[in-house]
Structure formats: C-alpha cells, structure tokens
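Take a look at the structure below.
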Amino acid sequence: MTGFADLEADLDALAGGQADPANAAAVLLSIGEQVLETWLDAHGKQPTADKKEGFRLLALHRQAAKGDPSFNACRETCRELVYYFNLISLDPTHDDAGKRVVMASMIARHLLLFISGKLQEAELGEFCCASKPLRAAGG
Amino acid sequence: MSDKKAKYQKVAYYPGCALEGTGHAYNRSTKAVGKELGLDLHEIKNWNCCGAMEVKNIDPKLQTYLSARNMQLAQDQGFDTVMAPCNGCYHNLKKAEYDLEHDDASKEVNGRLSAKAGHGSYEPGGVETIHALDWIKHTVGEDGIRDRVKNSLSGLKIANYYGCMYTRPRHIFPEKDQGPDTESTSEPHFMDDILEAAGAENVDFPLKTACCGGAHTLSDSDMSTKLVLNILQAAEASGADVIATECPTCHSGLEMHQVRAEKTLGVKTSVKIMYFTQLLGVAMGMKPKKVGVHENVSDSVPMLKEKGVL
C-alpha cells in the first residue's frame, strides 16, 4: 500500500497539468481509491472490489460510510473526482483537458487531506504513512 | 404568493454565537439586506448557544436540548419560522428537530431539562428552521433581486462555497431534494441562483461542499490550513475573483488560514472571501461598510472597484 506522503508526491507531479490527460485521470482515480483503502484497512475492513455506478471509488466510499454518517462529508468529493475522470477520459484532447487535470488533482488532494485528518482524529494513523493498526501489526 | 413566500416574510432570527463574534459582518449584512428587502426579522429574545461542536461532541442530547430551547422560545414569542444564517446553528436546530421526532431518549432528556429550567418542552413541528439562503430565495427570489440590483455584479466571477454542514446529513433536511425550486444536497445552488440574479458569473467549483477543516482549526491548525489552501487554490484555478460564503465558521476559516498559509507554507493566494449577504447588499446599492466589508480580514473593496461593481 502506498503511503500518503507518496500519494501526495504523485499529486504534486500531476498538479502542473502537463501529464497525458487520460493517464493522469486514471492515476487520480487510483489515488482516490488508495486513500479510501487506507481508511478501511485502518478500521480492519477488507476494501471491497465491487463497483458502484461503474466505479470502485464510489463503492469504497459507500463501504466506509456505512455506520459512520460523518464520512459522507467526502461523498461529493468522491463523486466530483469521478465526474472529472469522465470529463477528461471522454475527451482527453479537449483544449481544457490540462486545466481539468489540475482541478481533478485538487479534488483528489482534498480527499487525501480530509481522510488523513480523520485518521489522525481517530488516532489511527499519521499524515505521512499507513495506519496505526497496520504499523502495530508490523505492516 | 406561495406559501413559503408569505410565511417567511416575518421570521424569528437566530444569529447564534459566531455572529456576535468572528462572524459579525455576516450578522450586520444579513440584517441590512433583510431590511432593504423589506423582510421582517425579529431576534429571538434570550436565545442561547445551539450547542455547536463543543457540546455536541461531549453530550449530543444536551446539544439537542440547547437547540430545542431556542425553537421553543421562538414559538413562545409567536413565530412559526426560525431563520439561522450560520450553518452550524442551522444544522443543529434541524438535527434537534429530527432527533426529537425519532429518538425517545432525546425527547426524554429534552423534557427533563426543560422542566428543570422551568420552560415548555419543545415538540417537533412547532417551528420550521430555515437558512438565510432559503429566506431570501423563497421570499424575494431571483426576479425580485433582479428588480433591486443597482450595482450589477456583472464581471465578477464567484465560487460559491457552501461547506459541509448545509446539506449533511441528508435525513435532517427532508425539504431538500424535492424537485424544482428546492435545494439539492449533492449540488446546492441557492447561493448560485441568488448571486447570478445579482449579475455575477458563477464558476464551476467542484469543492463547493468540501470540508474546510473548521473542526480541526484549534486541534490541528496545519491540517485546516492545508484544506483551506486547497479550496482557495481550486477557486483560483476555477477563475474566481471571490469566494462567496454562507457560514461564519467557513468564512473565518478561509480568511484566517489564507493568511496562515502565506506565513507558514509560503503560499500566497489572492482570491477574496465575502459573505453572500455582503455581495448581495453591494449589488443592491448598499455601501460596503453598511454590510461590514471592512470587518473582513481581507480588503475586497479594491477588487470590487476594479471589477466595476463599486
């Protein structure tokens, strides 16, 4: 599992909007999934492989929000990330594709910051690496 | 005249604690705009804190009682509608309404504390709690605003920021997501509608309901600063000149962490932050001072002049 610091570095690399749009969109969606996987792992849950509305990110969010209504504070952030993925993927040569990648990277960054804050609040992890239970287990 | 248009003409005003402190400009601008629009606003006498985040985190049922007492006071003072401009207050009153209807333990605690305090115990349905956005949207509406605009916001690009408490959790806002003319919990638009009617150009802003880190601001300021900085940068990347707010916690967080981001992270952003009531007031020809623009941390007047609004 990639640590949050590495994911943030990946976001920094995409923030300039110079990357290939289609590839960048896929990477950003994957970063979102990895962030939610970390949250689920920290809570001892096996991250689902299912998809919701065609996206694993949305299924992971639904899994994480079950029994934790406050987790819905990032629901729209996940949906916006999916929206931008579609926007970029459906027309990667669009004049605004670079700008859209920049915006999508900010959305993904917000998800990462929000979840890392919640991990800290729950005393389940640190901002820059994996969660406390994983470390305690020697992971 | 629609039911809501008539009903919301005269409301009980619940400013809440923040509007007497850091959010004073929101208090000032809400009252000034209401007066200019001919709406009847009566502050609840002897109101108390809604329980905010502090009480809620320690004892949610005590927070329910504190919020319920304000609704009981409004009802006792002859009102059927409470208008709360603060997202935190609005959220807590709506939550209390829901909990008293669905949770027997909350009802029992509210009844016991109300009896001990010597006042009536609030029963759900006694009043309707609305936000300042509902108030203006349903009474004056877009057409009414267009009729009153003297300084069009034309040329001003706005990122409308609603924060995370205005629409969540969805179950405490049963009136939302009910079709046309109702607010959306996934894509709120009332502020967009109001400011567009005042001439502004709303930009596509994907973080409009994202968390501002307000709850972390004292316990983990660095995280709040990072969250706010990301919101500010996203607004700038969207092309916005100004972020319009409708919550005092979000507003002060955006302003303070904008300064802090520059000091601690060395990242300067120039997007301005204004309450939607300030923007609306200026659009209706009110002096910036009348709507408390001078009380904001950042000075928006030069930007408004540059854009031809003033």
Inset, instruction - Test residue B:217 against the stated conditions and say whether it is more than 26 Å from residue B:282 (Cβ to Cβ) and modelled with pLDDT under 85. - result: yes
Inset, instruction - Sort out for me the helices (runs of 4 or more DSSP H) sitting completely within segment A:1-89 that have 2 or more residues that are among the small types (Gly, Ala, Ser) and within 30 Å of residue B:171 (Cβ to Cβ). - result: A:21-42, A:56-65
Inset, instruction - Please state which of the following conditions residue B:70 fails to meet, knowing it meets all the rest: (1) in contact (Cβ under 8 Å) with a residue 40 or more places away in the chain; (2) closer than 21 Å to residue B:118 by Cβ; (3) not in a helix (DSSP H, G or I). - result: (3)
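Are any residues in segment B:128-142 β-branched (Val, Ile, Thr) and either open to solvent by less than 10 Å² (accessible area, probe 1.4 Å) or under 16 Å from the mean Cα position of the chain (by Cα) (or both), and if so, which ones? Quick ask: steps written out before the conclusion?
Pass one, segment B:128-142, residues β-branched (Val, Ile, Thr): B:129-130, B:136, B:139-140.
If the condition is that a residue be β-branched (Val, Ile, Thr) and either open to solvent by less than 10 Å² (accessible area, probe 1.4 Å) or under 16 Å from the mean Cα position of the chain (by Cα) (or both), then B:129, B:130, B:136, B:139 are the ones that fit.
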Inset, instruction - Select from segment A:38-54 the residues that are within 29 Å of residue A:98 (Cβ to Cβ) and crowded, with 20+ Cβ neighbours inside 10 Å and list them in ascending order. - result: A:38
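So that you can scan it fast, the table gives a plain yes or no per residue for (1) within 19 Å of the chain's Cα centre (by Cα); (2) within 14 Å of chain A (Cβ to nearest Cβ); (3) among the aliphatic types (A, V, I, L, M); (4) open to solvent by 10 Å² or more (accessible area, probe 1.4 Å):
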position	(1), (2), (3), (4)
B:179	no, no, no, yes
B:184	yes, yes, no, yes
B:192	yes, no, no, yes
B:208	yes, yes, no, yes
B:238	no, yes, no, yes
B:266	no, no, no, yes
B:276	yes, no, no, no
Inset, instruction - Any residue in segment B:54-67 that's part of a helix (DSSP H, G or I): show its pairings with residues that are acidic (Asp, Glu) at Cβ separation under 6 Å, as long as the two are six or more apart or on different chains. - result: B:64/B:99
Inset, instruction - Please find, within segment A:76-118, the residue that is nearest to the other protein chains (Cβ to nearest Cβ) out of those that are surrounded by fewer than 20 Cβ atoms within 10 Å (Cβ to Cβ) and among the acidic types (Asp, Glu). - result: A:96
Legend entry - Selection count where residues are crowded, with 20+ Cβ neighbours inside 10 Å, out of contact with any helix residue (DSSP H, G or I) (no Cβ under 6 Å at 6 or more places or on another chain) and in a helix (DSSP H, G or I), scope segment B:143-174: 0
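Of B:192, B:177, B:204, which residue is in a loop (DSSP other than H, G, I, E, B) and farther than 18 Å from residue A:107 by Cβ?
B:177
The values are calculated or read from the model by the stated rules, or taken from the named source; none is laboratory data. As the structure is a prediction and not an experimental result, all values here were calculated from the model. Don't worry about glycine lacking a Cβ; one is built from the backbone with ideal geometry, like all the others, and counts go over all protein chains shown. Ligands, DNA and RNA are stripped out before the accessible areas are found, and what is left, the full protein with its side chains, is counted by its heavy atoms. Shrake-Rupley method; radii C 1.70, N 1.55, O 1.52, S 1.80 Å.
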